[in-house]
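**Student:** Mind looking over this structure? Questions follow.
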Amino acid sequence: MTFDLFDALEATEQSQEQLAPGAFVLRAFALPYVQQLLPALAAIEQASPFRHLITPGGFRMSVAMTCCGELGWTSDRRGYRYSAIDPDTGRHWPPLPTVFLQLAQSAAAQAGFDGFMPEACLINRYEPGTRLTLHQDKDELDYGAPIVSVSLGIPAMFLFGGNARNDKAARVPLFHGDVVVWGGPDRLRFHGILPLKEAEHSLLGRQRINLTFRKVA
Ligand code: MD3
Ligand code: FE
């Protein structure tokens, strides 16, 4: 067990930070929704279980993923794509729960993006030691729409890079209940998650769940 400042921090009061012209951190914004989010998440997991995607290069991702909404994101040896069908179940992805949509829309509006209508919610599950290497999200057609991301469970250090892979990345700690809205000029920035430190969360145990809401088409 480690008890340092980073592990101990979890915002309980809402506040807002602007990381860049189009990037807003809404601390603790999701806390009022958590009680409804967790059972909805459990139902999604039941219908479309978490899986470790294989990248087109043949690597198994350490982060496990599932999706809900009209479209989900998948990857295999043929490439990355959005699909209405979960390839692991052969069925549609579970629908976007109302509480997910309400949270995503009110966070987007808070950051100045009214009328956000996500078709996809990607759900990432991290355990201590897992990471997401620097990448860009380029598989959506509408870069005008924001991405809304919700962090739940143990903390993570987010890497907020530039428009080129080698640009120096800022580090932003993300805690249970934090929501980040990324839009406009910052939509194509490189980003990633450092390997998670060992930690345990009172509601989610040794895991971090990240929801990202996207308008795809
Ligand atoms: C900044 N997920 O699923 S969410 C991803 O915490 C992904 O699981 C991370 O990167 C996670 O693709 C980060 C925040 C996020 C998502 C998309 C962005 C930040 C972004 C696109 C552009 C800039
Ligand atoms: Fe990403």
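The values are calculated or read from the model by the stated rules, or taken from the named source; none is laboratory data. If you're wondering where the values come from, they're calculated on a predicted model, not measured in any experiment. Neighbour counts run over all protein chains shown; Cβ positions are idealised from the backbone, glycine included. Ligands, DNA and RNA are excluded from the accessible area calculation, which covers all protein heavy atoms including side chains. Shrake-Rupley method; radii C 1.70, N 1.55, O 1.52, S 1.80 Å.
**Student:** State whether the residues of the stretch 57-73 include one that is closer than 22 Å to residue 156 by Cβ and open to solvent by 60 Å² or more (accessible area, probe 1.4 Å).
**Tutor:** Yes, because at least one residue in the stretch 57-73 is closer than 22 Å to residue 156 by Cβ and open to solvent by 60 Å² or more (accessible area, probe 1.4 Å).
**Student:** Something else about it: Of all residues being more than 15 Å from ligand 2 (Cβ to nearest atom) and buried (at least 17 other Cβ atoms within 10 Å of the Cβ) in the stretch 185-208, which is nearest to residue 19 (Cα to Cα)? Just the residue, please.
**Tutor:** Taking the stretch 185-208 and keeping what is more than 15 Å from ligand 2 (Cβ to nearest atom), we get 185, 195-207.
From the residues that got through so far, the ones that are buried (at least 17 other Cβ atoms within 10 Å of the Cβ) too are 196, 199, 201, 204, 207.
Values: 196: 21, 199: 26, 201: 26, 204: 27, 207: 25 Å.
Of everything passing the filter in the stretch 185-208, 196 is nearest to residue 19 (Cα to Cα).
**Student:** So which of 122, 141 is among the aliphatic types (A, V, I, L, M) and either in a helix (DSSP H, G or I) or open to solvent by 10 Å² or more (accessible area, probe 1.4 Å) (or both)? If you could, list the steps in order and put the result at the bottom.
**Tutor:** Values: 122 fails: either in a helix (DSSP H, G or I) or open to solvent by 10 Å² or more (accessible area, probe 1.4 Å) (or both).
Only one candidate qualifies: 141.
**Student:** Residues to consider are 113, 24, 100, 29; find the one that is surrounded by 12 or more Cβ atoms within 10 Å (Cβ to Cβ), part of a strand (DSSP E or B) and more than 16 Å from ligand 2 (Cβ to nearest atom).
**Tutor:** Working: 113 fails: part of a strand (DSSP E or B); 100 fails: part of a strand (DSSP E or B); 29 fails: part of a strand (DSSP E or B).
Only one candidate passes the filter, namely 24.
**Student:** With under 15 Å from residue 209 (Cα atoms) and free of Cβ contacts under 8 Å to residues at least 40 places away in the same chain as the only criterion, which of 30, 64, 42 stands out?
**Tutor:** Values: 30 fails: free of Cβ contacts under 8 Å to residues at least 40 places away in the same chain; 64 fails: free of Cβ contacts under 8 Å to residues at least 40 places away in the same chain.
None of the other options fit; the residue is 42.
**Student:** Now for a different question. Under 9 Å between Cβ atoms, at least 6 apart or on separate chains: pull out the pairs that start in the stretch 202-213 with a residue that is within 16 Å of ligand 1 (Cβ to nearest atom) and end on any residue that is at pLDDT 95 or above and among the basic types (Lys, Arg).
**Tutor:** 207/125; 208/125; 209/125; 210/125
**Student:** Also, quick follow-up: Condition first: open to solvent by less than 60 Å² (accessible area, probe 1.4 Å), over 23 Å from residue 177 (Cα atoms) and not in a helix (DSSP H, G or I). Now tell me which residues in the stretch 36-56 satisfy that.
**Tutor:** Selection gives 48, 51, 53, 55, 56.
**Student:** Residues 114, 142: which one is more than 12 Å from ligand 1 (Cβ to nearest atom), touching a residue at least 24 places away in the same chain (Cβ under 8 Å), out of contact with any Pro (no Cβ under 6 Å at 6 or more places or on another chain) and farther than 25 Å from residue 208 by Cα?
**Tutor:** Unique residue meeting the criteria: 142.
**Student:** Going by what's in this entry, would residue 173 be described as at pLDDT below 95, touching a strand residue (DSSP E or B) at 6+ places or on another chain (Cβ under 9 Å) and within 12 Å of ligand 1 (Cβ to nearest atom)?
**Tutor:** Numbers: at pLDDT below 95: no; touching a strand residue (DSSP E or B) at 6+ places or on another chain (Cβ under 9 Å): yes; within 12 Å of ligand 1 (Cβ to nearest atom): yes.
For residue 173, the condition - at pLDDT below 95, touching a strand residue (DSSP E or B) at 6+ places or on another chain (Cβ under 9 Å) and within 12 Å of ligand 1 (Cβ to nearest atom) - is not met.
**Student:** Further question on the same structure: Do the conditions hold for residue 120, that is, is it of a type outside the set (Phe, Trp, Tyr), within 16 Å of residue 65 (Cβ to Cβ) and at pLDDT 95 or above? Explain how you work it out, then say what you get.
**Tutor:** Numbers: of a type outside the set (Phe, Trp, Tyr): yes; within 16 Å of residue 65 (Cβ to Cβ): yes; at pLDDT 95 or above: yes.
So residue 120 passes the test.
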